[in-house]
Each structure stands twice: as C-alpha cells, then as structure tokens.
Amino acid sequence: MLLCGAFTVALADPASSLALDVFALESGGVVEGEWLNRDELPLTHYRVRTGAGLVVSLQLTQVRQASQQRPALAEYQRLLPTFADTAADQWKLAEWCKVQQLTAERNLHVARVLDLDEKHAGARRAMGYVLLDGKWVKHAETRRQDGYELYKGRWRTIQEIELLEISAKRELEEKEWLGKIRRWRRELDIMAKAREAAEYLSDIHDPVAIGPLVTVMKEDKNRRIKMLFADVLAEMNNSAAERALVSISLSDADEEIFHYCLDKIVKANPPHIADGYIRALKDTNNVTINRAGIALGRLGDRTAIAPLIAALVTTHTQTVGSTGRGAGDTYSQSFSSSSNGTGGTNFRSNEGPKTYVYRVQNQHVLDGLAQLAGSGVNFGFNSQAWQFWYAQEKQAVVKPAALERRQ
C-alpha cells in the first residue's frame, strides 16, 4: 500500500537523507539522486535521476567524488512504497531500518509514528523519552535533573567531567614537556647547543614535567646525563620529584646512579621519604631489597626496623627445565620475601620443569638494620633475636611514658 501524499512528498524531497547517491562537484555543489550508468565501462560521464525525476548528465571533470549507495539503502527504496502510513507499519519500517543501520531513515519513520500515535511506547523510547510518573519526558532531562551531563558519549557527574578535563589537560601538558625535554636532550650532544639546552633543563620547576623527565632519564644510557636529570629533579623541592628519585635509585641498573640519587635524597630527607624504601623490602628482586636496606640505614628512620628484620633473609624460587627449546633451558624465575629461616636450600620437583627453593641472607639489609639499632647492636641474621631485641626496645619506650602519665 502506498503512503499518504504528504509523507510521500517528504520522502521524495531530493534534499532529504533518502537520496540514493551523492555527487560532490568541483564547484562545491552537490547533486543527489540515482546513479543510472553505474556499470558502464569505460565511464565517460555520470547519468543521474534526481528525486524530482529529472535525468541530468555530469561530465567526469565536474565531479570531485561520487558516493555509491549502500545495498541496504537500495532495498529500503524498494520496500518503502509497500508500507502503509499507519503507526504500526511505520514502526515496522523503523525497526527494519534499525537492523540495517539506516539511522537517518529510522529517525524519520520513528518521528512519523509519533505524529500518528503520540503515545506509542517504542517510538517514545527510540526518541530518547522515558516514562516518569506517568509522563513521557526526555531521558536527557531526567539525567540532568539527577546531576549528570552528556560528556563524550557518556552521562557523567559534573565532578567526573572536571576530573576528566583536568586529566586531559595534564596529559596534553605532559606531552608538550616530553617533546621539549627530548629535544633538549638531543641538543646536549651538539656542542653549539649543549650549554643552552642544559640551562633550559635546569630551569624546569613545573611538577607536570616530572613524569617526562623520568621517562627520558630512563631511556638514556649516559651516566653524566642521568646525573644532570637527577639534579633537576632534586632542585624541584617537590614530593613527587623526590618519590621519582627513590624509584630511579631502586630501579636504575647503574649502581653509581643509585648512590648519586640516594645522596640527594639523604641530604633533603623529606618527611615519609623512607616509605618507598620500606615497600621495596618486599620486592621480588634481591638487588632492589638490598638497595632499600642501604637507603634505610642512611636515612635513619627507625620505623624501618621491623620491615628490615623481616627482610634479613629472603626466599627465592627458580624454575628450570625443558620449555620446548631444549633440555636445560631456563623456564621461569621469581623471587619472594620471607621473614624466617637462615641458610639452606630446598628442592621441589614434579613432572616437567624443576623448581629450586633457596634462601639468601641480605648483607646490606643487615648493615642498614645495625645502623638503625646503634650502640654496636648486631644479631647477624638471627631474625628471632632481632625481634626479641626490638620488642624490648619498644617496651623501654613505653615504660617512661606510663610513669609520666601517673605523675
């Protein structure tokens, strides 16, 4: 059944989204219609039937781009006259368009459904309405009443949007700093530009530049350059920069860089700087554990005593065996901290790879612990003796405090 007259005119409008093909002209204009000689070879011109039924010819030089119709759109044009201008039929056609991803056409038919039946629930929901207290209201309105705004395709609170924008702004600023720092790093190797580049780096005080500084520093193999970057971070007098120095001191493969960064950290000795080293005592890497022991001994923070006792002896596991590349190849390796045990090696085996378990006494952890204990106190790697001593130390501090309260 054909559609009613008013609706047919709307669909036949050549400027509507239902045109079959679009021809973008070199002059800037656009012609929409059905491409009649699509399969003609060689193509010498374009023959187009417009929505008004007029057939026009376009020279190849006149057309900048010809966009072919989608198969679904052609099928839509074929089906269009078979649906009646009723709410039920228009809804069926709208749902068909949804499946075929013809968004503009679907919206047109959903709107027609609401023209014919303003209470149609499916069409209301399709147009973004929700039923609230018996009334159809726009979903966007209800979300905004609840304190949400549509931001980059998702409904978010004002606070979320502010945080996302701050994060996006910071990310952009970090990218800008990364570009500058990498350029100055390259110029450090150019004699004519090295001095100026070093001055630019030394003048960095923006906390946003900390991440980019660390990134470039980790990429570098030159000890002198790494020391320069450590100087820049230390001069910032910023807690984030100080934490970055702790991270670098623990992770850089160059032991000289560890000591160089640690010297700067010990000199500044900001509050809670030992926390990063205390956490490192539980690291799976024994080099990291021992570096943390050295650092904690030099920092003099006695809150590290108990964690140091726990890290005096660490347990390691190493799995070796065939991996398909040949017998004896290393399969995997991991390390984990343990607070008990002295020397010794255990062995676990099963079918396939073999796992060795062994304990290591961490000399630098012991040195750091003895440094904090003071007065020549040293129980070696006897964790129980250290724990007993520390309990006595804490008790000695508690008793004078209790006496003061009684007085």
- Query: Is there a residue being surrounded by 15 or more Cβ atoms within 10 Å (Cβ to Cβ), assigned to a helix (DSSP H, G or I), modelled with pLDDT of 90 or more and not charged (D, E, K, R) anywhere in the range 168-176?
  - Reply: no
- Out of all the residues in the range 286-301, which are closer than 19 Å to Ser383 by Cα, of a type outside the set (A, V, I, L, M, F, W, C) and modelled with pLDDT of 95 or more? Asn290, Gly293, Gly297
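Could you tell me whether any residue of the range 304-313 is closer than 27 Å to Glu219 by Cβ and in contact with a Lys or Arg (Cβ under 6 Å, 6 or more places away or on another chain)? Spell out the reasoning first.
Step one: of the range 304-313, the residues closer than 27 Å to Glu219 by Cβ are none.
Within the range 304-313, not a single residue is closer than 27 Å to Glu219 by Cβ and in contact with a Lys or Arg (Cβ under 6 Å, 6 or more places away or on another chain).
If you check Trp136, Trp155, Trp184, which single one turns out to be touching a residue at least 12 places away in the same chain (Cβ under 8 Å) and either among the charged types (D, E, K, R) or over 30 Å from Glu95 (Cβ atoms) (or both)?
Numbers: Trp136 fails: either among the charged types (D, E, K, R) or over 30 Å from Glu95 (Cβ atoms) (or both); Trp155 fails: either among the charged types (D, E, K, R) or over 30 Å from Glu95 (Cβ atoms) (or both).
After ruling out the rest, the residue left standing is Trp184.
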- Collect the residues in the range 202-246 that are out of contact with any Lys or Arg (no Cβ under 7 Å at 6 or more places or on another chain) and not in a helix (DSSP H, G or I), keeping them in residue-number order. Asp203, Ile204, His205, Asp206, Lys221, Asn222, Met236, Asn237, Asn238
- If you check every pair at least six apart or on different chains, which have Cβ atoms under 7 Å apart with a residue in the range 71-84 that is in contact (Cβ under 8 Å) with a residue 12 or more places away in the chain first and a residue that is part of a helix (DSSP H, G or I) and of a type in the set (A, V, I, L, M) second? Leu80/Leu11; Phe83/Leu93
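Matching residues to (1) more than 30 Å from Phe83 (Cβ to Cβ); (2) aliphatic (A, V, I, L, M); (3) not assigned by TED's automatic domain parsing to the domain that holds Ala94:
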site	(1), (2), (3)
Leu116	no, yes, no
His120	no, no, no
Arg170	yes, no, yes
Glu174	yes, no, yes
Leu188	yes, yes, yes
Ala197	yes, yes, yes
His205	yes, no, yes
Gly211	yes, no, yes
Asn222	yes, no, yes
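Among the listed residues Gly297, Gly276, which satisfies the condition of being surrounded by 14 or more Cβ atoms within 10 Å (Cβ to Cβ), closer than 24 Å to Gly374 by Cβ, under 26 Å from the mean Cα position of the chain (by Cα) and in contact (Cβ under 8 Å) with a residue 24 or more places away in the chain? So that I can check it myself, show each step before the final result.
Numbers: Gly297 fails: under 26 Å from the mean Cα position of the chain (by Cα).
Going through Gly297, Gly276 in turn, just one is surrounded by 14 or more Cβ atoms within 10 Å (Cβ to Cβ), closer than 24 Å to Gly374 by Cβ, under 26 Å from the mean Cα position of the chain (by Cα) and in contact (Cβ under 8 Å) with a residue 24 or more places away in the chain: Gly276.
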- Note on the structure: Of the conditions (1) loosely packed, with under 11 Cβ neighbours inside 10 Å; (2) under 21 Å from Val22 (Cβ atoms); (3) free of Cβ contacts under 8 Å to residues at least 40 places away in the same chain, the single one that Lys119 does not satisfy is (2)
- Query: Taking only pairs six or more apart or across chains, which ones have beta-carbon atoms under 8 Å, a first residue in the range 40-56 that is free of Cβ contacts under 8 Å to residues at least 40 places away in the same chain, and a second residue that is in a loop (DSSP other than H, G, I, E, B) and of a type outside the set (A, V, I, L, M)?
  - Reply: Leu43/Asn37; His45/Asn37; Tyr46/Asn37; Arg47/Asn37; Thr50/Pro14; Gly51/Asp13; Gly51/Pro14; Gly51/Ser16
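Yes/no matrix, rows are residues, columns are (1) out of contact with any Pro (no Cβ under 7 Å at 6 or more places or on another chain); (2) modelled with pLDDT of 90 or more; (3) basic (Lys, Arg):
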{"position": "Leu80", "(1), (2), (3)": "yes, yes, no"}
{"position": "Val99", "(1), (2), (3)": "yes, yes, no"}
{"position": "Leu116", "(1), (2), (3)": "yes, yes, no"}
{"position": "Lys119", "(1), (2), (3)": "yes, no, yes"}
{"position": "Ala126", "(1), (2), (3)": "yes, no, no"}
{"position": "Lys152", "(1), (2), (3)": "yes, no, yes"}
- Query: Could you say whether any residue in the range 152-162 is under 30 Å from Ile204 (Cα atoms), under 27 Å from the mean Cα position of the chain (by Cα) and loosely packed, with under 14 Cβ neighbours inside 10 Å?
  - Reply: yes
- Could you please let me know if Leu312 is more than 25 Å from Ile248 (Cβ to Cβ), aliphatic (A, V, I, L, M), buried (at least 23 other Cβ atoms within 10 Å of the Cβ) and at pLDDT 90 or above? yes
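The values are calculated or read from the model by the stated rules, or taken from the named source; none is laboratory data. Note that the coordinates shown come from a computational prediction; the quantities given were computed from them, not determined experimentally. We place every Cβ from the backbone using ideal geometry, glycine too, and count neighbours over all the protein chains shown.
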